[in-house]
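Working notes for the structure below.
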Protein chains: 2
Amino acid sequence: MELKFMLEAIRQAEKALLIDEVPIGAVIVKDGKIISRAYNQTEKTQNAVKHAEIIAIEKACKKLKSWRLDGCEIYVTAEPCPMCAGAICNARIPKVYFGTHEPKSGCAESKYPVLTDSGLNHNATFLGGIEKEACSSLLKNYFKAKRKRKTLD
Amino acid sequence: MELKFMLEAIRQAEKALLIDEVPIGAVIVKDGKIISRAYNQTEKTQNAVKHAEIIAIEKACKKLKSWRLDGCEIYVTAEPCPMCAGAICNARIPKVYFGTHEPKSGCAESKYPVLTDSGLNHNATFLGGIEKEACSSLLKNYFKAKRKRKTLD
């Protein structure tokens, strides 16, 4: 685990915030180098699947010209949802580092152990809680401001 | 549930088979009309997330100019994997009809109840086992032929 990669994922999440998207960011690393960066863009693209992890995986596949991301690591500011945890396994990414836990929907260890369940076809190891204060603050402040705007509407 | 929509999903799966992809097909229906059709294209696109359901969701979002697919139904030839079940919930599709069960990875009812878990943010109802013989035969024959080719290599 290298902190600088999580800090870059946080910078990506901040980009999402600037365009009023749920602030989650992700980077994919191979051989010590970032090969893709992304942030959540479901609103901008009006595409339900464009979470940070999915976009990062798609960019990495394009870069490596392969749907198999063996030997890659993904850094993401929040624990992946079922869709993204499933996508990480489908893409064969073996290592996941995430920031804040998502107690309701996280599929590393909070809700379902999608990443590590040996009954599934493919697995990843993970480490959570990296820079968790920064990662969760971004989300908390975003939702707080959103609720406030809703009250004012 | 209308059988004709599952038959169209099966036709989509057959298209996947023709280009040597895992034969799974999906269609999304709104107001009794098909608004998107897709088949698995992970090999052709070398993109790990391009399962039939994901492509169908992306096409439907584009068509409706919205990431919210409220009021839509998805027909898919196999029980959705974690990624696709998660995507269905993220896209707010409320109804899922699928063909064959996937005991190892299905996230309607086989492995994890991603579609119906009220602890998650969004849910869908589902009905499985529709045209299951046709749907599972496609998959069985595909994997059988693949194993045979591997032995001959």
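If we scan the stretch A:130-145, do we find a residue that is within 24 Å of residue B:109 (Cα to Cα), more than 7 Å from chain B (Cβ to nearest Cβ) and in contact with a helix residue (DSSP H, G or I) (Cβ under 6 Å, 6 or more places away or on another chain)? No: zero hits. Hey, any hits in the stretch A:48-55 for a residue that's part of a loop (DSSP other than H, G, I, E, B) and not aliphatic (A, V, I, L, M)? The answer is yes, given that some residue of the stretch A:48-55 is part of a loop (DSSP other than H, G, I, E, B) and not aliphatic (A, V, I, L, M). Looking at A:104, A:63, just one residue is assigned to a helix (DSSP H, G or I) and either out of contact with any strand residue (DSSP E or B) (no Cβ under 6 Å at 6 or more places or on another chain) or farther than 18 Å from residue A:6 by Cβ (or both), and that residue is A:63.
Across the stretch A:17-35, the qualifying residues are those that are without any contact (Cβ under 8 Å) to a residue 60 or more places away in the chain and within 12 Å of the chain's Cα centre (by Cα), and the one among them that is nearest to residue A:145 (Cα to Cα) is A:25.
For the stretch B:70-127, a tally of residues being open to solvent by 20 Å² or more (accessible area, probe 1.4 Å), among the small types (Gly, Ala, Ser) and more than 9 Å from chain A (Cβ to nearest Cβ) returns 3. Annotation note: Cβ proximity below 8 Å between a residue of the stretch B:107-120 that is under 11 Å from residue A:112 (Cα atoms) and aliphatic (A, V, I, L, M) and a residue that is part of a loop (DSSP other than H, G, I, E, B) and open to solvent by 50 Å² or more (accessible area, probe 1.4 Å) (sequence gap 6+ or interchain) occurs for B:120/A:104; B:120/A:111.
Quickly run through the stretch A:15-41 and pick out the residues that are out of contact with any Phe, Trp or Tyr (no Cβ under 8 Å at 6 or more places or on another chain) and more than 22 Å from residue A:126 (Cβ to Cβ). Scanning the stretch A:15-41 gives A:18, A:19, A:20, A:41. Would it be correct to say that residue B:2 is more than 8 Å from every other protein chain (Cβ to nearest Cβ) and out of contact with any Leu (no Cβ under 9 Å at 6 or more places or on another chain)? It is true that residue B:2 is more than 8 Å from every other protein chain (Cβ to nearest Cβ) and out of contact with any Leu (no Cβ under 9 Å at 6 or more places or on another chain).
For residue B:34, the conditions (1) at the interface with chain A (Cβ under 10 Å from one of its Cβ atoms); (2) more than 28 Å from residue A:93 (Cα to Cα); (3) touching a helix residue (DSSP H, G or I) at 6+ places or on another chain (Cβ under 9 Å) are fulfilled apart from (1). Here is the figure for the stretch B:6-48: residues that are open to solvent by 10 Å² or more (accessible area, probe 1.4 Å) and under 15 Å from residue B:72 (Cα atoms) total 7. Pairs meeting the criteria (first residue in the stretch B:81-98 and on the phi < 0 side of the Ramachandran plot, second residue part of a strand (DSSP E or B) and open to solvent by 10 Å² or more (accessible area, probe 1.4 Å), beta carbons under 6 Å, at least 6 apart or on different chains) are B:95/B:73; B:95/B:125; B:96/B:126; B:97/B:127.
Are any residues in the stretch B:128-153 in a helix (DSSP H, G or I), closer than 22 Å to residue B:7 by Cα and open to solvent by 30 Å² or more (accessible area, probe 1.4 Å), and if so, which ones? B:132, B:133, B:134, B:137, B:140, B:141, B:143 - these are the residues of the stretch B:128-153 that are in a helix (DSSP H, G or I), closer than 22 Å to residue B:7 by Cα and open to solvent by 30 Å² or more (accessible area, probe 1.4 Å).
Residues in the stretch A:48-68 that are closer than 14 Å to residue A:89 by Cα, touching a Cys at 6+ places or on another chain (Cβ under 9 Å) and facing another protein chain (nearest Cβ under 7 Å): A:54, A:57, A:67.
The values are calculated or read from the model by the stated rules, or taken from the named source; none is laboratory data. These figures come from a predicted structure and were not determined experimentally. Virtual Cβ from ideal backbone geometry, glycine too; neighbours counted across all protein chains shown. We work out accessible area using only protein heavy atoms, side chains counted, and drop any ligands, DNA or RNA first. Shrake-Rupley method; radii C 1.70, N 1.55, O 1.52, S 1.80 Å.
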